[in-house]
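Okay, so here's the structure we're looking at.
Each reported figure results from applying straightforward, stated rules to the coordinates on display, with no laboratory input. For clarity, every value in this text was computed on a predicted model and none was experimentally measured. Reconstructed Cβ throughout: ideal geometry from the backbone, glycine too, with neighbour counts over all protein chains shown.
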Amino acid sequence: MQREDVTIKPAFEERYRALLGERYEEFLKRSLTFLRRSVRINTLKAPRYTILRQLEAQFTVEPVAWCPDGFFVEHAERRDIGNTTLHSLGLIYVQEA
């Protein structure tokens, strides 16, 4: 998902075009793209399967290949996983994976 609602200040563009040259457009594209939301399950609070079941009830969940307790989470209308009860209770931690 890419953001369309951002205004780039001329001084910023001038500086980074000078630094990056032809790579500036790719830099800008990557900078304005949301990272995939991911979480890590806190197995010190509850069993993994219990938390995962609750997470799957609210989001589409996909395992992170290199982290057994890490999951990418998606929802068609929500990006606020940090405002969920699971996060408030410390059952999950929001990550950048």
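Fewest neighbouring Cβ atoms within 10 Å first, the residues LEU44, LEU86, LEU20 line up as LEU44, LEU20, LEU86. Candidate membrane-span-like segments in the chain, meaning DSSP H helices with Cα atoms spread over at least 24 Å of their own axis and a Kyte-Doolittle mean of -0.5 or above, do not occur, with no membrane implied either way.
Note on the chain: the C-alpha convex hull projects to 8.1 nm² when averaged across all orientations.
Here is the list for segment 1-84: GluC sites (Glu not before Pro) lying in DSSP coil, each with at most 13 other C-beta atoms within 10 angstrom of its C-beta, are GLU4, GLU77.
Qualifying trypsin sites (Lys or Arg not before Pro) in segment 1-49, where qualification requires a DSSP coil assignment and no more than 16 other C-beta atoms within 10 Å, comprise ARG3, ARG36, LYS45.
Residues whose amide H lies under 5 Å from that of ARG37, counting only those 5 or more places away or on a different chain, are VAL73; hydrogens are built 1.01 Å from N in the peptide plane.
Note on segment 63-92 and segment 9-32: Cα centroid distance 31 Å, given to the nearest whole angstrom. The label point for LYS29 and the one for ARG15, both projected 7 Å from the Cα toward the Cβ, are 2.4 nm apart.
Note on THR43/ASP80: beta-carbon distance plugged into 1/(1 + (r/R0)^6) with R0 of 22 Å gives a FRET efficiency of 0.40.
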